[in-house]
Every structure is written in structure tokens, then in C-alpha cells.
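Notes follow the structure.
Every number in this text was worked out from the coordinates using simple rules, so none of it is lab data. No experiment lies behind these values; they were computed from the predicted model shown. Neighbour counts run over all protein chains shown; Cβ positions are idealised from the backbone, glycine included.
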Amino acid sequence: MDQLLVALDVDSADEAIELSNQLRDVVGGFKIGSRLFTAEGPAVVRKMVKRGDKIFLDLKYHDIPSTVAGAVHAARNLGVWMLTVHASGGADMLRAAKEAAGEVECGPRIIAVTVLTSLNNLALSQLGITNSITEQVDYWTQLARDAGTDGVVVSPWEIERTRAKFGAKFTIVTPGIRDQATQILKDDQNRTRSATEAVKAGANYLVVGRPIVAASNPRAAAIQLCKKIAKVSQG
């Protein structure tokens, strides 16, 4: 199931490799974020890329344009398939990231993070942003598309609006997937929906971590989720 990306939010390369061995023929790829990358560094990315895994490097780069361009170039050399930058870094930074990535066929896809799924309108206002979440997602998505990025990360709540406003070819990556059976795992995720709701709304990729990684049988959990997604995708 190409649409399902599993977040390897674990503490060691051994855990990540074990999970990838269980899930490789079931899911579309794996997200490596700040937790695993900080613990193990680029070596775990190289190892998994060498094994043929599609790696979504989710480090949310946010810095001056030249620094982000250098980081994207380094990620390209690692062979990552897709990576994140923060839309709030601005147009120049976003353009620098895309230029450093090169063409999609050669370099990683650049995906701009809009408003984190942990935030609500109150939290956004505490950051000094007067827009609502919906307005801010629209604003940063427009900025990202104008800068040439390949897509955005939005919560499940903003998928339909983003798809309607920005078209079928713009990639939408969605975390915050929580079915009723896994709602107890909501934790710090505020804007969540089920996998079937997210796919129906128009998401290209679903990033799922704890409902699979924390399951007693991660492979069975992933297979069950893929079946739900497939039913929606097949109409």
C-alpha cells in the first residue's frame, strides 16, 4: 500500500530495522524523524536506503536559505525520497530547498509543513498568529506552492479544503491518523481523523506511527489499516 508511510519513531537503528523487516512488503515507505535521526544519525538512513526502502526524512528544516539548501543537498546525497521543510521559513528558504533538491526524478520531493497537528486555534494565537488554523494553512500552502515545493503536510481536518484550492497534482501528506480503535493513542495530536476519512478527503500519503509501532503485532496492524485504505481507494 504505497499511500501508507510508517513513522519509525523509535530509539535505535536496531528497532527501526526490525520494524522495517516486518513491514517492508506491506507499506509504501518509512518516515525517519528527529527522534531516530538524533539517536542514530545519517547511518540509519543510508542503511535503509541501501536495502531499497523509500525514506521520508521528516526533520522539518527551518533556517536561513543557504543553510537549508545545504541540508537538502546532504539529504539528497543520502538518497532520501521525500523530506520536510517548514513553510514558515519563507519563500526564499522554500525556493532554496527546491533548487537544492533538483528535479523530482533525481532528488527528494520537498514537502512544506504548515500547522502542526498538535496545535489548535488557541495555541496558534499564543504564537502571535491572528489567523485561524484554516486561514494559516491556506496562507502557508499558497506560499509553498508559489515557491515550487511539491506539496504540504496538513492535518486531516484541512485535507478537503487544501485539495479543492490547490488541485489534484499537489501532494498532501497527512499525519494525525487515529481510528476509533486507536483513539486512546491520541496523546498530543489535536486534529485527527481516521485513515478512511483522510483518504476520502484526498490525502496522497498517510503517516502513521503509534497505532502501528506501538501495536502488539505491528505487521497485523499495518495490514488491517491497508485493507481499510484499499477499500476507499477502490471506490
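A few notes on this one:
- Taking only the C-alpha atoms of the range 106-166, the Rg (one decimal) and the largest Cα-Cα distance, Dmax (whole number), read 12.0, 41 Å.
- Cα-based shape type of the range 4-233, given that a ≥ b ≥ c are square roots of the gyration tensor eigenvalues and the cut on a/c is 1.5: oblate
- Segment residue 123-residue 59, extension gain: residue separation times 0.36 nm, minus the distance between their alpha carbons: 20.9 nm
- Virtual spin-label span in nm between residue 164 and residue 38, 7 Å along Cα→Cβ: 3.9 nm
- With both labels modelled 7 Å from their Cα along Cα-to-Cβ, the residue 14 to residue 73 distance reads 3.7 nm.
- Cut-off 15 Å between beta-carbons: net charge of the residues surrounding residue 36, Lys and Arg +1, Asp and Glu -1: -2
- At an R0 of 41 angstrom, the distance between the Cβ atoms of residue 223 and residue 130 translates into a FRET efficiency of 0.40.
- Taking the chain and dividing mean pair separation by its residue count, relative contact order in percent (alpha carbons under 8 Å, at least six apart): 19 percent
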